[in-house]
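Worksheet: the structure to be examined is printed underneath.
The values are calculated or read from the model by the stated rules, or taken from the named source; none is laboratory data. All values reported here derive from a predicted model rather than from experimental measurement. So basically every Cβ, Gly included, is an ideal-geometry build from the backbone, and we count neighbours across all protein chains shown. These accessible areas exclude ligands, DNA and RNA; they are computed on the full protein's heavy atoms, side chains included. Shrake-Rupley method; radii C 1.70, N 1.55, O 1.52, S 1.80 Å.
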Amino acid sequence: MAQALADRYRRWFEYECDSHAKVLASLEAVPAAQRSTPAFQKAVSLMAHIAAARQMWLFRFGVGKELPREFFPEGLGLSELARGVAEAQAAWLMYLGRLDEREIARVFEYRSYEGQWFRNTIEDILTQLFGHSWYHRGQIAALLRSLGSEPPVTDFVFWTREPIPPGRPD
């Protein structure tokens, strides 16, 4: 059961990586004239925040290099954003590659940015992270629409669908 759970988190992360690649491509497709708008800058900042949050949790788990300097990075260019997303994904691929039942159940303590101490299981945070990305990708999609751009489809169901060939008997 727990190994199946670890595989589920790895699958969700694979989906997340694909979704983030689509978001980065959609940000690149925004015309240069609109890239200085507050909506575009907010979309970039939200995507950078997703990567920063992932890095923060690895640090809190005790396996990350350092706590991100900024939790909502601002003023990033698209190449800096892509580099930050790639670095976070590479670190998470390493972590998830060794994820097992014991690690999923591990309880850890950490200090919030506000200074208070908390305790969670790794499972709690792995679940939180995927919801966190979905939430912010939705915000980014709304910001892209406000700029007249078409956001990518990143719904999980579209990622998992398997088409049935035509002519299937009823």
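Quick rundown of the values:
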| item | result |
| --- | --- |
| Failed condition for residue 74, given (1) part of a helix (DSSP H, G or I); (2) modelled with pLDDT under 95; (3) not aliphatic (A, V, I, L, M) | (1) |
| Tally of residues being open to solvent by 30 Å² or more (accessible area, probe 1.4 Å), within 21 Å of the chain's Cα centre (by Cα) and among the small types (Gly, Ala, Ser) across segment 78-106 | 6 |
| Filter result (open to solvent by less than 30 Å² (accessible area, probe 1.4 Å) and either closer than 13 Å to residue 84 by Cβ or in contact with a strand residue (DSSP E or B) (Cβ under 7 Å, 6 or more places away or on another chain) (or both)) within segment 55-70 | 56, 61, 68 |
| Restricting segment 107-118 to residues that are under 22 Å from the mean Cα position of the chain (by Cα) and without any contact (Cβ under 8 Å) to a residue 24 or more places away in the chain, the residue that is most open to solvent (accessible area, probe 1.4 Å) | 111 |
| Criterion (at pLDDT 95 or above, of a type outside the set (Lys, Arg), under 22 Å from the mean Cα position of the chain (by Cα) and open to solvent by 20 Å² or more (accessible area, probe 1.4 Å)) met by exactly one of 155, 124 | 124 |
| Filter result for residue 133 (hydroxyl-bearing (Ser, Thr, Tyr), touching a residue at least 12 places away in the same chain (Cβ under 8 Å) and within 22 Å of residue 11 (Cα to Cα)) | yes |
| Flag if residue 20 is part of a helix (DSSP H, G or I), open to solvent by less than 50 Å² (accessible area, probe 1.4 Å) and touching a Ser or Thr at 6+ places or on another chain (Cβ under 9 Å) | yes |
| Residue that is at pLDDT below 95, more than 19 Å from residue 148 (Cα to Cα) and part of a helix (DSSP H, G or I), where the choices are 3, 55, 89 | 3 |
